[in-house]
Amino acid sequence: MSAETESPAQPYDQGAWWRDAVVYQVYPRSFADANGDGEGDLPGVLSRLGHLADLGVDAIWLSPFYPSPLADGGYDVADYCDVDPRYGTLADFDALVAGAAAKNIKVIVDIVPNHCSAEHPWFRAALAAGPGSPERERFIFRDEPNNWQSVFGGPAWTRVPDGQWYLHLFDSGQPDWNWRHPDVVAMFERVLRFWLDRGVAGFRIDVANMLFKQDGLPDVVPGSQGGPLTPGHTSMPYEHQPELLELYRSWRKILDSYPGDRGAAPACTAPACTVAEMWSGHPDQARPYLSGDGLAQLFGFGLMPTPWSAEEFRTVIDASHRLARETGGSLPWVLGNHDVPRMVTRFGVDQDLVRAPTPEVLLGRMDVDVELGTRRARAAALLLLALPGGAYIYQGDELGLPEYLAIPDEARQDPMFERTLRAFIGRDGCRVPLPWSGTAPPYAFGAGGTRLPTWLPQPEDWAALTVAAQRDDPGSTLNLYRAALAIRRDHPALGDGDLTWLDAPPGVLAFARDPGFTLMVNFGAEPVPLAWHHDVLLASGPLEGDLLPPDTGVWLA
Ligand code: NOJ
């Protein structure tokens, strides 16, 4: 592993920009379509930067836009250092970074190091070179598979015509790299530098816990599950291998070697960050990565699977916040992303179905009270943005979009749908192209009034949810997010720091942040008195005099 310098990395600066940043996730295929072909693209993102500047976010994270056959929506990368023609060109990327910089918005890109695409030149070379070749060493080929299962369903091994098997922890179009091969290590160092040279402010690291596999590739013990690294628990043999910590330290050194101004990067005079995707069942699993000399951040995913319950929310917040305090690490809060059902829908169903999804739920067959889910999602947004630390907002959540459950089977694109033998409808429902204006699909998703169908169909009933419809409505979800971000930007209590829980009635979460800020969210069924305040800064819904109605959140001063 090549290291930039021999000196150990210093703990991260407590004032680093990313510690309290609000980052907006752009899923490029579904954000905005500048060439009118029904798929989003980078010029589309550039053309809609005004929306993001008005919203008031600090940075955007771009999900993959690299050349890809889209076996997994672009998380199957055929070339890590280019832009897929469907999304534009490298010049379009540079224009986007510059345009964002002009609006004070940083750009984070997605790096996918666990696997590439079956179309990556090195995988094609490995297939052509045959068993025993040096080309195959960069991947994980074996004469016999072990019992590992793909995260997407079905076996994690696919046989090639010469009889060998290759490992893919996700789709068969996503062969896993062999991270014990120096070519792979060196290649990703070049990839980091390539994007740093173009001015990115950081990297979101895909499945950051899985890159190294246990020596000998032992079978998974039947019945075991990936879980906390504490005595009595097991971890999968393809996650949390000790070499990961060393790898992320080496990446940190590369990022740190890019201080100050960099060439084409007017946006980025700040040290770049890393934010790691690790779905871990227990904070102890995350702890080693937060020691401060490797990864900058781990996503704080705990709230996403949490049902609408004050007690359950508090448990998750406490665990994550305590971990951040104890380690000095940073776990930005997340309520939505391109892998989970949208929160309007999660909060709009019987919450026992969130605790234990049934086969019917996996098929999207359940009653959803969108109005209730919207109220709760708005309250949750105020909670998200009041918590100590950074936050990620998934595109469309600022519009209060629900999950689109009724996508016809033949239009579904997520490989999970077929790999689970259609037992799970997959993640397409949160990836539907955004509605910008108009009263019917495609809601001006494509520039120039194009009426070409979008790559995933949009619902017929989103007219009231478009950006244009919400822009001038003071009560809209869009304006709630804008107001919250504007207050957050100026209020000295918000952003990084600490919180103090306040005694609140059952079903109510209340915490104070210094100086002079209180959050209350009523998860219960009855109105409760507003307490601890002089002024209402912002409420997620109408208040009843001095009462906070159910499913409502409020910021108090
Ligand atoms: C996590 C990404 O968020 C998800 O969309 C993708 O399918 C898997 N990693 C595999 O890359």
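Any read-out appearing in this document is the output of simple, stated calculations on the displayed coordinates, not a laboratory observation. These numbers come from a predicted model, not from an experiment. Here the Cβ positions follow ideal geometry from the backbone for every residue, glycine too, while neighbour counts run over all protein chains shown.
Brief remarks on what is shown
- When you restrict to C-alpha pairs under 8 Å that are six or more residues apart and normalise by the size of the chain, the relative contact order lands at 14 percent.
- Distant-in-sequence amide H partners of THR552 (H built 1.01 Å from N, under 5 Å): ASN522
- Residues THR374, THR306, sorted so that the one with the fewest Cβ neighbours within 10 Å comes first: THR306, THR374
- Packing, as the average of other Cβ atoms within 10 Å across residues, places the peptides 12-21, 156-165, 30-39, 479-488 in the order 30-39, 479-488, 12-21, 156-165, highest first.
- Rounded Å value of the spacing that divides the Cα centres of the stretch 294-364 and the stretch 36-56: 28
- Take every pair of alpha-carbon atoms less than 8 Å apart whose residues are at least six positions apart; their mean separation over the length of the stretch 310-443 yields a relative contact order of 29 percent.
- Cβ crowding within 10 Å averaged over residues, with 442-452, 202-212 ranked highest first: 202-212, 442-452
- Euclidean distance of C-alpha centroids, the stretch 94-144 and the stretch 500-557, integer Å: 47
- With Cα atoms, 0 to 90° folded angle of helix 370-386 axis to the chain main axis: 80
- Dipole of the stretch 1-90, positive direction: furthest Cα of LEU90, VAL26, PRO11, with charges on the beta-carbon: VAL26
- ³J(HN,Hα) computed for each position of the stretch 107-122 - Karplus, 6.51 cos²θ - 1.76 cosθ + 1.60, integer Hz, glycine/proline x: 10, 10, 10, 9, 10, 10, x, 6, 8, 10, 9, 4, 8, 4, x, 6
- The chain - mean residue ellipticity at 222 nm from DSSP helices (-39,500 (n - 2.57) per run, n ≥ 4, rounded to 500): -7500 deg cm²/dmol
- Shape class of the chain from the alpha-carbon gyration tensor: rounded, with the ratio a/c of largest to smallest axis under 1.5.
- Net charge dipole, the chain: roughly 480 debye, given to the nearest 20, about the Cα centre with Cβ charges of +1 for Lys and Arg and -1 for Asp and Glu.
- Packing, as the average of other Cβ atoms within 10 Å across residues, places the peptides 417-430, 335-348, 285-298 in the order 335-348, 285-298, 417-430, highest first.
- Cross-link partners of LYS253 among lysines (Cα-Cα below 21 Å; sequence separation of 8 or more within a chain): LYS106
- In order along the stretch 421-432, the Karplus-derived 3J(HN,Hα) couplings, from 6.51 cos²θ - 1.76 cosθ + 1.60 at θ = phi - 60°, round to 6, 6, 7, 9, 6, x, 9, 5, x, 9, 10, 6 Hz, and Gly and Pro are given as x.
- For ARG159 and ARG124, a Förster radius of 22 Å and the Cβ-Cβ distance give a FRET efficiency of 0.85, rounded to the nearest 0.05.
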